[in-house]
Structure formats: C-alpha cells, structure tokens
1. 222 nm [θ] for the chain, helices only, -39500 (n - 2.57) per DSSP H run of 4+, per residue, to 500?
2. Pop a pseudo-label 7 angstrom from the Cα along the beta-carbon direction at both Lys252 and Tyr366 and give the gap in nm to one decimal.
3. If you take P(r) over Cα pairs in 20 Å bins from 0, in percent from the coordinates, which of (i) 19, 37, 18, 12, 12, 3, 0; (ii) 21, 52, 25, 2; (iii) 24, 55, 20, 1 do you get?
4. About the Cα centre of the chain, how large is the charge dipole given +1 on each Lys and Arg Cβ and -1 on each Asp and Glu Cβ? Please answer in debye to the nearest 20.
5. Just to make sure I understand: if all protein chains stay in place, what is the order of Val141, Val159 by accessible area at 1.4 Å, largest first?
6. Roughly what would the spin-label model give for Thr136 and Asp195, points 7 Å off Cα along C-beta, in nm?
7. Could you please state, rounded to a whole Å, how far the C-alpha centre of region 166-211 is from the C-alpha centre of region 133-154?
8. Note the full-extension length gain between Leu226 and Val144 as 0.36 nm times their separation in residues minus their Cα-Cα distance, in nm to one decimal.
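The values are calculated or read from the model by the stated rules, or taken from the named source; none is laboratory data. Predicted model, so just to flag it, every value in this text is computed and none were measured. In this analysis, Cβ positions are derived from the backbone assuming ideal geometry, glycine residues included, and neighbour counts consider all displayed protein chains. Note: accessible area is taken over every heavy atom of the protein model, side chains too, but ligands, DNA and RNA are not part of it. Shrake-Rupley method; radii C 1.70, N 1.55, O 1.52, S 1.80 Å.
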Amino acid sequence: MSLFRSKLLPPVAIAAGATLVLGLTPAAAANTVPDGPALAKQLVKKVDVNGVNRHLIALQRIADTNDGTRAASTEGHAKSAEYIATKLEAAGFQVTRQQFPFTYSETLAEKLTAGGADVPIIAMEYTTSTPVGGITAPLAVVAVDDTSGCEATDYTADVAGKIALIKRGGCSFAQKQQTAAAAGAIGAIVYNNTDGPVNGTLGGPENAKIPTGGVTAAAGAQLAALGGQNVTLELRTFQEARTSYNVIAETKTGRKDNVVMLGAHLDSVPAGPGINDNGTGSAALLETALQLGSSPKANNAVRFGFWSAEEFGLIGSTYYVDQLSFEQQLDIALYLNFDMIGSPNAGYFAYDGDNSDGVGAGAGPYGSAQIEKTFVDFMQTAKGVSVEGTDFTGRSDYGEFIAVGIPAGGLDTGAEVLKTPAQAAKWGGTAGIAFDPCYHQACDNLGNIDRVALERNSDGVAWALGVYATSTESVNGVKPGQAAAKSLTAQKRSAQRSFTAHAVSGDPHALAS
C-alpha cells in the first residue's frame, strides 16, 4: 500500500496476551457459497489458500536471495515479475510487460531532536534532503483548522527561517510544504490527525520544496508545546531515475469491449520482502487467474494487472491508465483492487463505493456502490464476516482508474492504523496495535500473515471475478446477451486496441536493470 514512505520503522510492540492467527487452516464458521453465477461458485471452490501460500513462499525466497527486497527496479522485483509472467504465459494468457520510468527513492537518515529528546519521524517520499547533521531552527506552530497549512494566510510573518509544525488534513502533503516554503519556512513537520504514524509522499521530486517529515498525533501535541524553541531536523534520501515494468495478462475468451480488470501491486518497499504488502494481493490474483484459465467460458474478458512502483506513488498503475485512449478506457467495465489481504491483526474492509460512511473522498464512480455490495454480501454470507467500508483515499492502485471514471472496488485487511476495541470484539485480534505491525518493515515476511484472513479474502477475489466475468449489468447495464450481437471483426478490433497497443518488446529481465 502506497503513499507511505518505504523504510524500516521502529517495531510496534504486541500487547501481552495477544494472539495473532497465523495458521493455514481457515475458520470453520460460515463457509456456504451463496447463490450466484456458476463460474463464481466454481472459482471459490478451486481457489485454495494453500495454492496462494505457495506463491508467497516463492516471493519470500526471491526476496531472500536478492538483498531482502522486491522493490521496483531491483532484481528481486524483476524475478517476482517473471515468476508471475511465466506462469501466466504457460497457462495460455496473453501477457504484456509494460516498461515505464520513475524516480527511485530510499531514505538514508531521518531524525528529529526537540526539547533534548529524539522524536520518531518519517521522511516524506521525495522530500528534499537536509545537510548531514540536519538543520537547527526555531519551531513555528501553524494554527489548527480544517485546512491547516494549506493556504498562505495560515502562515504568519515569523515563520521565515523556521521549521513549520503542521496538522495533517485538508490538502496534500505536497501542498502543505509548498505553501510553508513560500512563506519562508526551511523545513516542515506534519503531525497526524488520527492514530498511527504519518508515512507520507510528496507525489514526486518535482513537488518537493523543503525537507518534510511526518510524526504521530501524540508527538505533534508534544512538539506544539515547544513552539519557538530550537529543534534539529535531519532528513536525507537517495533518489535516482530508473525503470520498472508492469505485468498485464488477459484471457483469450470473452468480449474485449467490456473487460473485467483486477489488479495488485507486486513491488515491495526497499526495506523488506513485502509479503503482506503486497505479496498477498499478488498471490491471490495469480492463483485465481491460474484457476480461471486463459480461455474460460465467460461473457467478458478478464484482465490482470500486476503493478510496479506502487510504493513510489502508484507509478505503474497510473502510467498504465494514462497510456490508454478514452476508447480503451471505455473497454474496461470495472476495476477491482487487492492490496494487503492477509494482515496479521486483520480487519475486513471493502472500498466504500457509495460513501455510506460519509468519510473523506466521497463515493466512487457510478457502479462502485454495486461492487462494494458484491463484496460485502459475499463476505457476510459465505464467511460470516461483517465488513467495514474504507475510504477511497488514493493510497492504492485504484487511484487513476477512479480518476478517469472507471468504477472500482476491492478488499483489504488494514495497514498501520490501530485496531479499535470494537473491531477486536467483532473480528478478533488485539485492540491498540496496528492491523499490520510490520507494515513497510523488514519483518513483513511469511510469519506476518493471517492465513484465515488470506483464505477469506482470496475467496472474495474469486467470487467477484466470477460474478463480473459472467455479467456487469448491475455495474454498467451491459447484459451478457449483448455479446452475441458483436461481430468477430469488432471483437478483434477491440482486442487489438485494448491489449496490444502498449506491448513491450525485448528481454524482460533487462527492463528493471
């Protein structure tokens, strides 16, 4: 999951007596496949958590033999991508490797000293760097409102030459530090407006103006009491222009002008192997594709996207969507995203397509509400799990799809946010610790997976794929019978424009060098 800095964070302690379910055997309660299309029922029966887990073992071994990481542009990512691509090619899928450029960024130092004590801070993705040893300057506390630090009027004249302390919310991190820089600030610290750390991104090196990092809400409150006192901020990163590639696979059967697309990012952060984030989503997608087969009896073609450089700002998926013409975008009926579906202190979330929670970004494009209902109904009926909505915050690869109006949905099990007592009572696990205490750390390995949650969510992937490969009528009004009226010529023309327009040639292993 992206929009969070890739680095080794301090370990989060697990409360005494906590029990994290890590076994391979799914819970016995509520395992009835609901009424639905035959293809959906078949896939749920065929997709097995042991098959998904085998792919996770492969990704772990790839990371272990490649400097402990599968980050975009590394050999660990290239070998992960080829593991997936070659399996899909062997199964008969049409596979494309799509190369793209991006800026690789890795943290070298992050330290904040205030009031004689060290305060944990996380460098924003793409931040400018301080000199070695950092910068020392007075702390300027920016007034708190719904859009703190977003407008020039938020900054008083005495912020010049100081380090601005800004509350999260109201606008992007990039806008906050840009506005602070314009007011004369020489550094920025953004503190959270909820529990947990701030692992932010500035969106790209072109947006970075001053060294910027994030701290917790509690740290922000402590720092606010030190306004006017000197603090020392050291944030240093390494940045380099590189290339990576997406792996795109599509079935040979089904109409090509009403494609059901599913995606998961394959890259990890540089700090670790990324087995939950996002080996789980990638492994579930791969296993579902293999069980579906390349020539299923389905009304709609199915396309899979294994994205790279998600951890650097959704680069791969954004590049993919932006390379499509408007007509090619219209060929995609919907997009389903799976990012972290085996968190060890798991929650159960579906993207809030109808904005029924009334939080943040609002509803997704038309059809997103229907997608949410498909997931919620399946998890409740088949798994006996009550699902909560999660906002379209832009933290994962659905971002560019919904930006161009493609309806979207998906599942996840939570990242760095702390599980509440109510959620622990509902789902089990431990309140007061993160859904994934190893989020963006080296410890995100095979021991960091709740395989009960992985099994439930993998079945959710299979169910939704089967439902929409059969019909997207509830989402976009396209009836399955309409496919029969399409001429072979029209289907071939659509297939050509929607799939092969961006094929990448050459040695795939060279793409990430």
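1. It comes out at -8500 deg cm²/dmol, rounded to the nearest 500.
2. 3.7 nm
3. Step by step, P(r) over Cα pairs in 20 Å bins from 0, in percent for this structure corresponds to label (iii).
4. 1180 debye
5. Val141, Val159
6. About 3.7 nm separates the two model spin labels.
7. Spelled out, the Cα-based centre of one part sits 9 Å from the other.
8. Additional length available on full extension: 28.0 nm.
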